[in-house]
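See below for the structure under consideration.
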Amino acid sequence: MIPKVLASRTTTRRTQMTLRKTGAAALTLAAIAIALTAASSATAGTTALCEKFENPCEAASVYVGHIAAVAEDPRFLTSEVDITCKKSQLLGFNLGLGNPLTIHLQLLTFTEDCLTENEDPCVVQSNEIGLPLLLRTEANKGTLQFHDTLILVSCPGAFIHCVYGGLPVLDALGSPNGETLATFHANEVPLEGQGFCPEETKFDALYKLALPDPIVISS
């Protein structure tokens, strides 16, 4: 009888240890899942333009209004010839917050002489202004992706007549302080073209936000 009792007790202890290990593993997995969910929620949360350095942005500080940005010397870098304009202007209207935040683009222009590197004149104009979407990725940073925006680049001297579209993504940076403007940066962003197009084209421009100023990319 004694050996049977001892064997029974040993089996019970082993079962309890197994259950404890299984329970601990389950708790660990649950904690990991909760942490991943929290991280995902933080990344996928709403995006807001905030007039104060707040995160999350208080309702009273959420910016609603016009957006104005200017880029000096924007460039279309192609596999055949580079094209530079003296200025590009972006005007839009921000309705508040979203996931992502929708900016209603009202104007996108390229002005004051657009020339190839060989001094051939070009016409650069927006055929469709489309819809930029701003998504916060981390504190005071995000991405600005253009949807349904079509830009015509026509340089007869270089045999280029191309309509560029696709979904170009710019890096967005809020005002790091009250003295520095927020920016939308196209850092040699690849473009998709239709028509008489170079084999490869990249867009390079740094748009500085004059309005609103200062502004913070918040949640």
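The values are calculated or read from the model by the stated rules, or taken from the named source; none is laboratory data. Given the structure is predicted, the values throughout are model-derived calculations rather than measurements. Backbone-built Cβ (ideal geometry, glycine too); neighbour counts: all protein chains shown.
The strands (runs of 3 or more DSSP E) located wholly in the stretch 177-218 that include 2 or more residues which are in contact (Cβ under 8 Å) with a residue 24 or more places away in the chain, in contact with a His (Cβ under 9 Å, 6 or more places away or on another chain) and surrounded by 13 or more Cβ atoms within 10 Å (Cβ to Cβ) occupy 201-211. Residues in the stretch 105-116: is at least one touching a Leu at 6+ places or on another chain (Cβ under 6 Å) and exposed (fewer than 14 other Cβ atoms within 10 Å of the Cβ)? Within the stretch 105-116, one or more residues are touching a Leu at 6+ places or on another chain (Cβ under 6 Å) and exposed (fewer than 14 other Cβ atoms within 10 Å of the Cβ).
Criterion first (of a type outside the set (Lys, Arg) and more than 22 Å from Thr180 (Cα to Cα)) does Asp120 satisfy it? Spelling it out, Asp120 is indeed of a type outside the set (Lys, Arg) and more than 22 Å from Thr180 (Cα to Cα). Tell me which residues, restricted to the stretch 189-219, are in contact with a Phe, Trp or Tyr (Cβ under 9 Å, 6 or more places away or on another chain) and under 30 Å from Lys52 (Cβ atoms). Hits for the stretch 189-219 are Ala205, Leu206, Tyr207, Lys208, Leu209, Pro212, Pro214, Ile215, Val216, Ser218.
Condition (residue is modelled with pLDDT of 50 or more, over 27 Å from Lys141 (Cα atoms), among the aliphatic types (A, V, I, L, M) and part of a strand (DSSP E or B)) applied to the stretch 62-76: is it met by at least one residue? No, the stretch 62-76 contains no residue that is modelled with pLDDT of 50 or more, over 27 Å from Lys141 (Cα atoms), among the aliphatic types (A, V, I, L, M) and part of a strand (DSSP E or B). Residues that are assigned to a strand (DSSP E or B) and more than 30 Å from Glu80 (Cα to Cα): does the stretch 119-134 have at least one? Yes, that holds for at least one residue.
I want to confirm something. Restricting to the stretch 135-169 and keeping residues that are in a strand (DSSP E or B) and of a type in the set (Phe, Trp, Tyr), which single residue is farthest from the chain's Cα centre (by Cα)? Checked the stretch 135-169; the qualifying residue farthest from the chain's Cα centre (by Cα) is Tyr164.
Considering the conditions (1) out of contact with any Asp or Glu (no Cβ under 6 Å at 6 or more places or on another chain); (2) modelled with pLDDT of 90 or more, Thr12 is excluded by exactly one of them, (2).
Out of Asp113, Asp82, Asp120, one residue alone is in contact with a helix residue (DSSP H, G or I) (Cβ under 9 Å, 6 or more places away or on another chain), of a type in the set (Asp, Glu) and in contact (Cβ under 8 Å) with a residue 12 or more places away in the chain. It is Asp120. Considering the conditions (1) within 22 Å of Glu200 (Cβ to Cβ); (2) aromatic (Phe, Trp, Tyr); (3) surrounded by fewer than 17 Cβ atoms within 10 Å (Cβ to Cβ), Phe93 is excluded by exactly one of them, (1).
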